[in-house]
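Each reported figure results from applying straightforward, stated rules to the coordinates on display, with no laboratory input. Keep in mind it's a predicted model, so treat the numbers as computed, not measured. Note: ideal-geometry Cβ built from the backbone for every residue, glycine included; neighbour counts use all protein chains shown.
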Amino acid sequence: MKTVREVTLDPLLKTNPVTVRVLGICSLLAVTAKLHSAVIMAAALIVISGISSLTVSLLRRQIPCRIRMIIELCIVATLVLIADMFIKAYFYTAAKELSIYVGLIITNCIIMGRLEGFALNNPPLLSLADGISNGLGYALILIPAAALREFAGYGSVFGRQLFPRSFHGNNFFITPAGGFIVIALFIWLAQTVVMKLRKNKKESDK
């Protein structure tokens, strides 16, 4: 069994769900054109991932194997519905920008992957840490990517214009193609850092 330290730290870099497992790419492309929306989406996913992992872990001995995925989806769907209502109540403008993408957290590969791969086989607190850490790993890519795309595409950060109104930005960065390139850049940087850390560890072990 993994230690609490490994479960907490590994998803941030070594086993990051985006840069290593390449999961959650669709939502990254959809909500990273504006930083405000990306922060809300990241917060929602962190909370849902953590609570769903905790819930599934608590119920793991009572969940019949044949219908486990249906039960997992019901748990996630309930949490997503609550999160969607909360966002619409307190962040209505962002809710309109996020559109259907909050609802699509139900089928997010990161959450379902951690429920199937970890929460069903590990104790509650460890599963909670795993769910939150994987959500944070997702946020570590989502938020910087959104900041870069909004700055390059609109010349703003959190909707605040940093350049004169005459600045039109580079519209390429707010297109899906621009999103792919930005995310690919972050994946390349993260993989480079991970490879360097592994190389340094091997050299120190010799």
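In percent, what relative contact order does region 123-206 have, based on Cα pairs under 8 Å that are 6 or more apart in sequence? Answer for region 123-206 is 22 percent. Take the chain, connect every pair of alpha-carbon atoms lying under 10 Å apart with a spring to form a Gaussian network, then pick out the residue of Leu29, Leu148, Leu189 with the largest mean-square fluctuation. Among Leu29, Leu148, Leu189, the largest mean-square fluctuation in the Gaussian network model of the chain belongs to Leu189. As a size descriptor, the averaged projected area of the C-alpha convex hull of the chain was calculated at 13.2 nm².
For region 1-62, give the magnitude of the charge dipole about the Cα centre (Cβ charges: +1 Lys/Arg, -1 Asp/Glu; no others), in debye to the nearest 20.
Numbers: 7 positive and 2 negative charges, 32 e Å.
Taking the Cα centre of region 1-62 as origin, the dipole is about 160 debye.
Just checking the listed ones, Arg21, Arg114, Arg160: in the Gaussian network model of the chain with Cα springs under 10 Å, the one fluctuating most is Arg160.
Our summary gives region 42-117 a relative contact order of 39 percent, counting only alpha carbon pairs under 8 angstrom and 6 or more residues apart. Around the Cα centre of region 1-119, unit charges on the Cβ atoms of Lys, Arg, Asp and Glu (plus for the first two, minus for the last two) sum to a dipole of about 240 debye.
Shape of region 24-145 from its Cα gyration tensor (a ≥ b ≥ c, root eigenvalues): rounded if a/c is under 1.5, otherwise prolate when a/b > b/c, or oblate?
It comes out prolate by the Cα gyration axes.
The convex hull of the Cα atoms of region 100-193, projected and averaged over all directions, covers 8.2 nm².
In percent, how large is the relative contact order of region 17-205, given Cα pairs closer than 8 Å and 6 or more residues apart?
Values: 228 pairs, mean separation 66.5, N = 189.
Taking the mean separation of contacting Cα pairs over the length of region 17-205, I get 35 percent.
In the distance distribution for region 3-86, Cα-Cα pairs more than 22 Å apart total 39 percent.
Count Lys and Arg as plus one, Asp and Glu as minus one, and take only other residues whose Cβ is under 14 Å from that of Ile75; the net charge is then +1.
Between Asn122, Ala147, Met69, the Cα set farthest toward the positive side of the dipole of the chain (charges on each charged residue's Cβ, about the Cα centre) is that of Asn122. Given +1 at the Cβ of Lys and Arg, -1 at the Cβ of Asp and Glu and no other charges, the dipole of region 17-205 around its Cα centre is 200 debye to the nearest 20. Taking the charge dipole of the chain about its Cα centre, with +1 at Lys and Arg Cβ atoms and -1 at Asp and Glu Cβ atoms, the residue from Gly169, Met112, Asn134 reaching farthest to the positive side is Asn134. In the structure shown, do any of Lys34/Lys88; Lys14/Lys88; Lys2/Lys199; Lys14/Lys202 have a Cα-Cα gap over 25 Å, and if so which? Those over the limit are Lys14/Lys88. Annotation for region 79-102 versus region 151-206: alpha-carbon center distance of 26 Å.
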